[in-house]
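Data first, discussion second: the structure below is written as structure tokens.
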Amino acid sequence: MTGNSGNIDGKQAGPKVFEPVWAIALNTFRETVRDRILYALILFAAIVTVLGIVLGSLSVGQDIRILKDIGLAAISFIGGIIAVFAGTNLVYKEVERRTIYLIFTKPVSGWQFVLGKYIGLCLCVAVMVAAMGAFLIFVITAASGSAGFAEQLRQMGQELALIYLELLFVTALATFFSTFSTPVMSVLFTLAIWLAGHLGDSLFELGKLTQNPVISQFLSVIFYCLPDFAGLTRIRGHLLYGTVPGIEVLTYLVTYVFAYVLMLLVLAAIVTERKEYT
Amino acid sequence: MADVVIQATNLSKELTSSLLRRKVRILSGLNLQVARGETFGLIGPNGAGKTTSIKLMLGLMRPTEGAAEILGMPAGDKKALAQLGYLPENPYFYSHLTGREFLDFAGQLFGIEKKERSERAQELTKLVGLTEAADTQMRKYSKGMLQRLGIAQSLINRPQLIFWDEPMSGLDPIGRKDVRQILFHLKEKGTTIFFNSHLLPDVNEVCDRVGVMNRGQLIVQEDVKNISQGGSYKDLEDFFLEVIAKAEAGGQARS
């Protein structure tokens, strides 16, 4: 510490708008990867391998299909767990550990912080989904042989993309709640909306069935406000039976997800910007 | 006062207790000016309002009344923040990062170029005596090492103005001496320094001027030279104790 005192005077560097976003994203990615993600990967690898061995030994003709369904469900579930639990801690932990003082005493805006945290976690989830997907393809190929490998890869790629799209949505929900709520409450809120989003169609149908116009109106408002996870599941269902949805459906879906995510992140940024850090 | 870089005008803060919704005034009518190149020490007992004052000046908290200007800009203005450095009290960092990675992260938040960040990290780890530990994860750092890293990150952007909250906390006597040397070096270069400390000998040695806070009020400001050379007080500690005793005797109401 003594001796050369370094150059600690002088000129000022001008901040660039996306540099802090990227820095926060990379930091979040590193933190999530170094903290907990490997355990989830190991768990997934263990489940799929055991299933692969068990189903392979049964050889009833449907083993590959079952393995694929269970594998994709596991990817969705484990990715969801990471998105919900890491997402709901995303902003809250920075406030609790007071690392947020170091961020907001530098030229960083609320939106840069929220966007950086979100992108970092989404990168992490992307790596997870890709790694688990690659492992699943490997196990399926090992079980079924190389016949139809390209087709398997194409189908799995589409399904994984849809799973990831849903996880982007869940991560945004968790990020939003983490800006003003404790992790436990945020987990409950996120899971409740995730589940309700999957039941959106049923709510809409229920609204049509009821005789009471107030209840019908109320249910349809809820239907339109809730994220349409049921829509994503419908398309995954089509993919399972080899039907690829049209480009207009996919465009609508991607636009819908990104618009919803954007709205949640804007709200999260407003909350973060208005908050006091005592 | 020529070229004021810190200006607090009637800066006050009330917090509302979450359970009973009772309002508690934690800072009352702080009026303060710090000139460019000055080293100002804010001293006071625990809970006097020192950290709150810094947080209001940095924009981490919003005042209930009054205002603060930093480098001629409102508290929390991003252009002002780009030109200052801050060390929080008992800093906690990202334990998964190494010291070097953390300095690089801090540099990125200022938009500093990669090459310069790398050079600055090298210089600053040397400056604070962490060269050997620069590539060790912070979860393995001692409290003193974290404090040194906190000081390093507060200098990454070559600030014109620094706010250090208890910079000597957690440091052994050698560490404290090193921090004093850094402060002297910064003073020589014309950096404006505002810091809180309980360690009065360090404040006495480094500061041009001190302010004494008690129960959320700045009760006196004085040049350190006047205290030591005026003959009325043995040293800064003597001055501090008497000022606090007088304030208490004068019935400064407990909030």
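Find how much the distance from B:Gln137 to B:Leu241 grows on full extension, using 0.36 nm per residue of separation minus their present alpha carbon separation; answer in nm with one decimal.
Numbers: separation 104, 0.36 × 104 = 37.44 nm, distance 4.17 nm.
Residue separation times 0.36 nm, minus the Cα-Cα distance, leaves 33.3 nm.
Determine the percent antiparallel among the DSSP beta bridges restricted to chain B, to the nearest 5.
Antiparallel: roughly 60 percent of the beta bridges in chain B.
How many nm is it between the label spots at A:Thr255 and B:His185, if each spot is 7 Å from the Cα in line with the beta carbon?
Result: 5.8 nm between the two label points.
Report the trypsin sites (Lys or Arg not before Pro) located in the stretch B:179-255 that are in a DSSP loop and have at most 12 other Cβ atoms inside 10 Å of their Cβ, or state none. Don't jump to the answer; show the numbers that get you there.
Details: sites: B:Arg180, B:Lys187, B:Lys189, B:Arg209, B:Arg215, B:Lys225, B:Lys234, B:Lys246, B:Arg254; in loops: B:Lys189, B:Arg215, B:Lys234, B:Arg254.
Within the stretch B:179-255, the qualifying trypsin sites (Lys or Arg not before Pro) (loop, at most 12 other Cβ atoms within 10 Å) are B:Lys234, B:Arg254.
Kindly put A:Ile215, B:Ile244 in sequence by how many other C-beta atoms sit within 10 Å of each C-beta, fewest to most.
A:Ile215, B:Ile244
Along the positive direction of the dipole of the protein assembly as shown (beta-carbon charges: Lys, Arg +1; Asp, Glu -1; about the Cα centre), which of B:Ala68, A:Ile64, B:Gln147 reaches farthest?
Value: B:Ala68.
Select from A:Ala174, A:Ala86, A:Ala45 the residue whose mean-square fluctuation is largest in a Gaussian network model of chain A (Cα-Cα springs shorter than 10 Å).
A:Ala45
Report, for the protein assembly as shown, the % of DSSP beta bridges that are antiparallel, rounded to 5. Walk me through the numbers before you get to the answer.
Values: 23 of 40 bridges.
Within the protein assembly as shown, antiparallel bridges account for around 60 percent of the total.
Once you place label points 7 Å from the Cα toward the Cβ at B:Thr64 and B:Glu116, how far apart are they in nm?
Between B:Thr64 and B:Glu116, the label points sit 4.2 nm apart.
Stretched out fully, how many nm does the piece from A:Arg65 to A:Thr49 gain, at 0.36 nm a residue minus the Cα gap?
Details: separation 16, 0.36 × 16 = 5.76 nm, distance 1.49 nm.
Computed gain between A:Arg65 and A:Thr49 is 4.3 nm.
About the Cα centre, and with charges only on the beta carbon of Lys, Arg (+1) and Asp, Glu (-1), how big is the dipole of the protein assembly as shown? Nearest 20 debye, please. Can you show the working numbers first?
Values: 51 positive and 47 negative charges, 58 e Å.
The calculated dipole for the protein assembly as shown is roughly 280 debye.
Connecting C-alpha atoms closer than 10 Å in a GNM of chain A, tell me which of A:Glu94, A:Glu159, A:Glu248 has the biggest fluctuation.
A:Glu248
If R₀ is 22 angstrom, what is the calculated FRET efficiency for the pair A:Leu267 and A:Arg98, using the beta carbon separation as r and rounding to 0.05? Intermediate values should be presented prior to the final figure.
Values: r = 24 Å, r/R0 = 1.08.
According to the calculation, E is roughly 0.40.
In what order do B:Ser232, B:Ser95 fall by count of nearby beta-carbon atoms within 10 Å, going from fewest to most?
By the 10 Å Cβ count, ascending, the order reads B:Ser232, B:Ser95.
Could I have the simple spin-label model distance between B:Asn10 and B:Asp223, label points 7 Å from Cα toward Cβ, reported in nm to one decimal?
3.0 nm
Just want the answer: with Cβ charges of +1 for Lys and Arg and -1 for Asp and Glu, which residue in A:Ala86, A:Phe135, A:Thr190 is farthest toward the dipole's positive end in chain A?
Value computed over the given set: A:Ala86.
Just add up the charged neighbours of A:Ala196: K/R +1, D/E -1, any other residue whose Cβ is under 15 Å from the Cβ of A:Ala196.
On the way: positive: none; negative: A:Glu166, A:Asp201, A:Glu205, A:Asp228.
Local charge sum for A:Ala196: -4.
Which order do A:Thr179, A:Thr233 fall in if you start with the one that has the fewest other Cβ atoms within 10 Å?
Numbers: A:Thr179 26, A:Thr233 16.
So the ranking, lowest neighbour count to highest, is A:Thr233, A:Thr179.
Test of understanding: what is the full-extension gain from A:Cys225 to A:Leu206, defined as 0.36 nm times their sequence separation minus their Cα-Cα distance? Intermediate values should be presented prior to the final figure.
Numbers: separation 19, 0.36 × 19 = 6.84 nm, distance 1.58 nm.
Taking A:Cys225 through A:Leu206 to full extension adds about 5.3 nm, to one decimal.
Read-outs: derived from the displayed coordinates by stated rules, not from any lab. Here the structure is a predicted model, which is why all the values come from computation and not from measurement. So basically every Cβ, Gly included, is an ideal-geometry build from the backbone, and we count neighbours across all protein chains shown.
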